[in-house]
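Beneath this line is the structure, given in structure tokens, with notes to follow.
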Amino acid sequence: MSSARAIAAASLRRLRTGVRRPFSDYGRGIVRFHSSGMTLDNINRAAVDRIIRVDHAGEYGANRIYAGQMAVLGRSSVGPVIQKMWDQEKDHLKKFNELMVAFRVRPTILMPLWNVAGFALGAGTALLGKEGAMACTVAVEESIAHHYNNQIRTLMEEDPEKYEELLQVIKKFRDEELEHHDTGLDHDAELAPAYTLLKRAIQAGCSAAIYLSERF
């Protein structure tokens, strides 16, 4: 195992806090907020607004990244792999679209920027070859998993019973993002040119995007 892969494996162990429940526990369909008691009147509106807005923006950006990758590599041997991950991201975005309506959350004003930046990042890294695209996937999905874990901790501290079904959504999506991370490593992400520098640059951009999308 290379030193970079060993570091990545250690990072993943930190990300996967606790025992991972099988996806069947969460359900593969849309989770309805019917039993947890979440209503517009009894939730922490500021916290829920921030969570839903930034997650919607993140899933939208992820969709644009995969769209950019498919534009370059869609006809290559790795095209079906990218398409499979993109299809899951489409489901994530659909869910957060529903949550935005249900809880009356406005989208970030930066959506036009994430539209262009996401596609450019996906296409640009794909132009480096399969390895570049997968390095992008590893960097982005690791950042998203960290972010989802922070949200899980916030909701657990607030009221785990009240936010149970929102927690289920976030945990399920986190686990799928971690699958994408592993897929990237399995498809030679670490062989991308200047892998470490590329990963750090992408993750710095992700951190900035999260900060801005939560607030604007």
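Looking at the structure I just gave you, is ILE30 part of a loop (DSSP other than H, G, I, E, B) and at pLDDT below 50?
When the stated conditions are applied, ILE30 passes them.
Checking CYS206 against (1) more than 19 Å from the chain's Cα centre (by Cα); (2) on the phi < 0 side of the Ramachandran plot, which single condition isn't satisfied?
Exception for CYS206: condition (1).
Would you say THR137 is of a type in the set (Ser, Thr, Tyr) and within 25 Å of ALA192 (Cα to Cα)?
yes
Please work out if ASP91 is outside any loop (DSSP other than H, G, I, E, B) and free of Cβ contacts under 8 Å to residues at least 12 places away in the same chain.
So ASP91 fits the description; yes.
Can you run down the residue pairs with Cβ atoms below 8 Å, 6 or more apart or on separate chains, where the first is in the range 97-116 and among the hydroxyl-bearing types (Ser, Thr, Tyr) and the partner is in a helix (DSSP H, G or I) and surrounded by 10 or more Cβ atoms within 10 Å (Cβ to Cβ)?
From the range 97-116, the pairs are THR108/ARG53; THR108/VAL54; THR108/HIS56; THR108/ALA57; THR108/TRP114; THR108/LEU212; THR108/SER213.
If ARG64 passes every condition in (1) assigned to a helix (DSSP H, G or I); (2) surrounded by fewer than 19 Cβ atoms within 10 Å (Cβ to Cβ); (3) among the basic types (Lys, Arg) but one, which one does it miss?
Unmet condition: (2).
Considering only the range 134-164, state which residues are out of contact with any Asp or Glu (no Cβ under 7 Å at 6 or more places or on another chain), closer than 28 Å to GLN83 by Cα and among the acidic types (Asp, Glu).
Residue satisfying the conditions is GLU142 alone.
Within the range 167-216, can you find the residues that are open to solvent by 50 Å² or more (accessible area, probe 1.4 Å), within 16 Å of ALA145 (Cβ to Cβ) and either in contact with a Leu (Cβ under 7 Å, 6 or more places away or on another chain) or not charged (D, E, K, R) (or both)?
Scanning the range 167-216 gives a single hit, SER207.
Could you grab me the full set of residues in the range 92-109 that are crowded, with 16+ Cβ neighbours inside 10 Å and farther than 13 Å from ASP55 by Cα?
Of everything in the range 92-109, just one residue is crowded, with 16+ Cβ neighbours inside 10 Å and farther than 13 Å from ASP55 by Cα, namely PHE103.
Output the number of residues of the range 92-138 satisfying the condition of being out of contact with any helix residue (DSSP H, G or I) (no Cβ under 7 Å at 6 or more places or on another chain) and among the acidic types (Asp, Glu).
Counting residues in the range 92-138 that are out of contact with any helix residue (DSSP H, G or I) (no Cβ under 7 Å at 6 or more places or on another chain) and among the acidic types (Asp, Glu) gives 1.
Could you please find all residues in the range 33-55 being modelled with pLDDT of 60 or more and touching a helix residue (DSSP H, G or I) at 6+ places or on another chain (Cβ under 8 Å)?
MET38, ASN44, ALA47, VAL48, ARG50, ILE51, ILE52, ARG53, VAL54, ASP55
Is it the case that the range 162-172 has a residue that's over 20 Å from the mean Cα position of the chain (by Cα) and over 22 Å from ARG64 (Cα atoms)?
Yes, some residue in the range 162-172 is over 20 Å from the mean Cα position of the chain (by Cα) and over 22 Å from ARG64 (Cα atoms).
For the range 139-158, give me each residue that is acidic (Asp, Glu), over 22 Å from GLU98 (Cβ atoms) and open to solvent by 30 Å² or more (accessible area, probe 1.4 Å).
The one that is acidic (Asp, Glu), over 22 Å from GLU98 (Cβ atoms) and open to solvent by 30 Å² or more (accessible area, probe 1.4 Å): GLU157.
Looking at (1) buried (at least 18 other Cβ atoms within 10 Å of the Cβ); (2) modelled with pLDDT of 95 or more, find the lone condition where ALA120 falls short.
(1)
The values are calculated or read from the model by the stated rules, or taken from the named source; none is laboratory data. Model, not experiment: these values are computed from the prediction. Cβ: placed from backbone, ideal geometry, glycine included. Neighbour counts: every protein chain shown. Quick note on the areas: whole protein, heavy atoms, side chains included, nothing else; ligands and nucleic acids left out. Shrake-Rupley method; radii C 1.70, N 1.55, O 1.52, S 1.80 Å.
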